[in-house]
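Below is one structure, written out as structure tokens; comments come after it.
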Amino acid sequence: MPIDDEYATITWDTNNPSQGDADRNDLASGLSHGDPALEDVYGRESVSYSGNHNHTLEDGGDSNGHNSNSSSNANHNEGVQDSFVNGGQSSDYHNNILNNKSHNSHPTSSGIIDDGIFITTSVTDPQKEQEGSQNAYVSYLIKTRSNHSEFKTGTFYVRRRFSDFRFLYSRLGSEYLACAIPPLPERLRMEYIKGDRFGPDFTMKRANSLDRFLKRIAAHPILKKAKVFAVFLESPEWNSYMKTRSNSFKGVLDGIQDTLMSAFAKVSVQNPEFLDIKTRADKMDENLSRIDKTFSRVATRKSNLSIDFDDFAAQFGLLAHLEPALAPEFAHFGRGLRQLAEGHTKLKDYLETEYLVSVRDAENYVHSLKALLKQRDQKQIDHEALIEYLNKALSDRDALQAGGGGSNFLRSKVEDIRGLDHEQVKRDRLVRTKAKIVDLTREAQDAKATSEAFDEQTIREVAVFERIRADELKGSLGELADHHIGFYKSLIDDWEGLIDKLEEGVVKDDLVPI
């Protein structure tokens, strides 16, 4: 039953105004004791945001205290979920993934739907385009393999520039409001100032980050099916696609507004599950920051060691001039030192170009998840605020029905000057207050459905984030171990060969007749 129709049949007892207070007290008592009927309407945690709130948001119920609108509310929640996840567009796939009812998909141990679709991408080969002109830029080669029916072939290649990636990121952010969109690499403006934005170090670092950006989207069960993602990966008409679609920044502006509002409003009662998620995200962010600082020092030390070993090798070259008889041995030892310096340089380059970039990308991804959690808090804050407004309106209604609170001294004087009837003014205010209660009730129910839908989708996003983070962590630590193993294995091989050559030289010297 629509709320308007339900309230249209209500008669307000103006002869017994104290009944409103009694009703409110009964409802508040029911909340504190876990009244099943009210919990069916709002849920125990959703209603009792604060012990000081007297929540009297009523819904149609039967004689047994059950919510008669539960099925319609459930359908409304599903619609809200789909609007958040899919930008208001209807999609059977999104309905299935939200409700875990996909017949062709299989849930994994983490609850994430496995639809059998794979998309593998790689970003390589940064090239400077339009060199010599003022509009020079760097393009990146994207190779894609997929079994997705959206693509015309199984393997294809395109070249895209950074602004294309930025367009993709903005579109995903505006269309999928309840998803933790993987972040783009930061625009390092200092590289532009120094003129190094076309240098190999800068472009390779950016290519690694862009590669990770696409892999995260491809691993996301919802984002990987976005139309804009498919067009980005395959279409040769990408530039025309961007021109024909005005990139809306509404989602970004809304996020900024929500962030500003959240700075001045806090959730009254935090869900323990989300509180735990926030704590773990903060701890993860702190740990990644420490790893970044530690390995930055390691990379700097590797660079210094490389320089020192190069200088050490040069000194053995000078010793060869002073001791001609030991010149071959000095040459072999100096060559070993230079190889050691090169090994430190390669390991340093890997740390700076790949590992540290992956750590910073992981930090940015955690920030995206924390931003989503803030949006989730804002939805709950909106609901709580509407409950507050509703309680105030109910208090005003009760005061008007009780014959008090209708006017104060200043208002009475203004009404007298205007020649208004005080009683008629009170009746008009009562009618407006009742209408306001109806509107606030509807808005509060909508906000509750929105908040619950956002909660459910946020839980799914956390599961997706955890899976992607675990895969990335496993891969990055494996590569870090492999590079260190390769460094030390090369070190052992080089110095064992050096020892063999030195020993061979000693044997030859022993065979020389005196």
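The values are calculated or read from the model by the stated rules, or taken from the named source; none is laboratory data. Just so we're clear, the structure is a prediction, and the values are computed from it rather than from any experiment. In this analysis, Cβ positions are derived from the backbone assuming ideal geometry, glycine residues included, and neighbour counts consider all displayed protein chains.
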Determine which member of the set Ile181, Ile113, Ile117 is surrounded by 19 or more Cβ atoms within 10 Å (Cβ to Cβ) and at pLDDT below 90.
-> Ile113
Quick one: is Ile142 modelled with pLDDT under 85, among the aliphatic types (A, V, I, L, M) and touching a Lys or Arg at 6+ places or on another chain (Cβ under 8 Å)?
-> no
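To keep it simple, each residue is scored yes or no on (1) outside any helix (DSSP H, G or I); (2) of a type in the set (D, E, K, R); (3) modelled with pLDDT of 90 or more.
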position	(1), (2), (3)
Lys374	no, yes, yes
Ile387	no, no, yes
Asn391	no, no, yes
Ser395	no, no, no
Ser412	no, no, no
Glu415	no, yes, no
Collect the residues in segment 457-479 that are surrounded by fewer than 17 Cβ atoms within 10 Å (Cβ to Cβ) and more than 15 Å from the chain's Cα centre (by Cα), keeping them in residue-number order.
-> Ala470, Asp471, Leu473, Lys474, Gly475, Leu477, Gly478, Glu479
Within segment 126-140, is there a residue that is surrounded by 13 or more Cβ atoms within 10 Å (Cβ to Cβ) and under 25 Å from the mean Cα position of the chain (by Cα)?
-> yes
Which one of these does Glu186 not meet: (1) at pLDDT 90 or above; (2) within 18 Å of the chain's Cα centre (by Cα); (3) among the charged types (D, E, K, R)?
-> (1)
Does segment 340-348 include one or more residues that are touching a His at 6+ places or on another chain (Cβ under 6 Å) and over 20 Å from Pro200 (Cβ atoms)?
-> no
Matching residues in segment 283-320 (under 30 Å from Leu373 (Cα atoms) and without any contact (Cβ under 8 Å) to a residue 60 or more places away in the chain) number 6
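Being assigned to a strand (DSSP E or B), touching a Phe, Trp or Tyr at 6+ places or on another chain (Cβ under 6 Å) and touching a residue at least 12 places away in the same chain (Cβ under 8 Å), is that true of even one residue in segment 163-177?
Looking for residues that are assigned to a strand (DSSP E or B), touching a Phe, Trp or Tyr at 6+ places or on another chain (Cβ under 6 Å) and touching a residue at least 12 places away in the same chain (Cβ under 8 Å), one finds none in segment 163-177, hence no.
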Mind checking whether some residue in segment 373-381 is more than 21 Å from the chain's Cα centre (by Cα) and of a type in the set (Asp, Glu)?
-> no
